[in-house]
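Structure, as C-alpha cells:
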Amino acid sequence: MAGTCLKPYCCRVVFSTAVLVRSFHVFVTAGVVSLLFFKDTALRQQWLSGDYLVPCVYLALVCVSLVLYGAVCYMDPGFVSLTNNMNAIRKRMPSLGSDSDEDDSTSATETSVMIEPDIGIKPRVQLRKCGFCGIQQPIRAKHCEQCGFCIHRFDHHCPWFETCIGERNHKYFWVFLLVETSLVGWTIHLVWSAFVYESGWLSWFVSNGLYVVAMFVLVLGGTTTFLLVASHTYLAGINLTTWEFMARHRITYLKDYDGDENPFDEGVVKNLWKFFLHLRLKNWELYLMNRPAKTLGRA
C-alpha cells in the first residue's frame, strides 16, 4: 500500500517543472561543450596538440557556471520564517477591504490589512498582512505563489531557475549571469571560428548544421544574460528590486514618494558594497523609520 502511494509522488517529483527546467539547462550546457570537444574546433585542436591550458580554463568556467546555477536553485532565497519572524500574526485578523495598494492581479486572496509593526518603537511605516502565510510581511518582502513563501527583498521568480530571487541569493544570481555571459561570448567565438567553407548549400549545411543550432541557442541565451546582468547591475547600484522598479506605484511603502525618489538609495558605492558583501538580512523597517520625515512623502 505504501509503495502504491509513493509512485504518484515520485512521478510528480521526477517530472516536476523544476527538475525538467534544471535538467534542460544542464543538458544544453553539456551538449554545447561536447560539440566543442568532439567536432573540429580550436578547443579540440589545442587539446589534441597537448596544449591543455585554454581547454582547462574553459572547462573550469563551465564548472563554475554550473555550480553557481545549482547554488542559486537550491539555496534559501530569503524565506520569511513564520516561527522566527518577530512580526508573525498569532491570530487571524479580519480583512479591511480589497488590496488597492499592492494589487498584483495574481493573488486575489491576499489581503491588504495594514498592521502596525510590534518591534518596540513608534512606527512610521505600515506592514501588510500576507493572506497566504498569515504574517506581517517585512518591508520589501513579497509572497511568491509559485514558491508558496514570502521572500525577503523579493526581486522576481525566475522560471529558468524555478526559484525566487531574493535577498539571500540575489548576489549569486548576478555572479552567475556575469560568468554565463562571459562563457557564452567565448563559446560564440569558438563556434564561429569552427564554421567550414563549402561550395554547395547542402554540403555546407551538412558540415555546419550543428554549429548553426548551437549559434542560435548561444546568441539567444547570451543576449538574455547580457541584458539581465546589465539591468541587475543598474538595480543593485540604485538599491531597488525588479518588483519595486516595475510596480512602485502600487507598493505601499514606495507609492507616496515624490517622482523617482528612492528611500533605499545610499549612493552607488554603498549600494553595491551592501549588495555584494552584506551577508545578513537587513531590517528595512528600522531603516525607513530612521529616515528623515520629509523623505516619507508625509511631511
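Note on Met246 and Ala30: with the Förster distance fixed at 35 Å, the Cβ-Cβ geometry gives a FRET efficiency of about 0.55. 3J(HN,Hα) along segment 272-277: 5, 4, 6, 5, 8, 10 Hz, from the Karplus curve 6.51 cos²θ - 1.76 cosθ + 1.60 with θ = phi - 60°, whole Hz, x for Gly and Pro.
Put simply, when 147-158, 183-194, 269-280, 253-264 are sorted by average Cβ atoms within 10 angstrom per residue, most first, you get 147-158, 183-194, 253-264, 269-280. With each label modelled as a point 7 angstrom along the Cα→C-beta vector, the Cys147-Gln45 pair spans 4.7 nm. A simple rule links phi to the HN-Hα coupling: the Karplus curve 6.51 cos²θ - 1.76 cosθ + 1.60 with θ = phi - 60°, which for segment 216-224 gives 4, 5, 5, 5, 5, x, x, 4, 5 Hz, with x for Gly and Pro. Each label was represented as a point 7 Å from its Cα along the Cα-to-Cβ direction; for Leu20 and Asn290 these points are 4.8 nm apart.
Using mean Cβ contacts within 10 Å as the protection proxy, how do 55-68, 16-29, 230-243 order, highest first?
230-243, 55-68, 16-29
Taken together, the values in this text are just the output of simple stated rules run on the coordinates, not laboratory data. Only a predicted model underlies this, so the values are computations on that prediction, with no experimental measurement involved. Don't worry about glycine lacking a Cβ; one is built from the backbone with ideal geometry, like all the others, and counts go over all protein chains shown.
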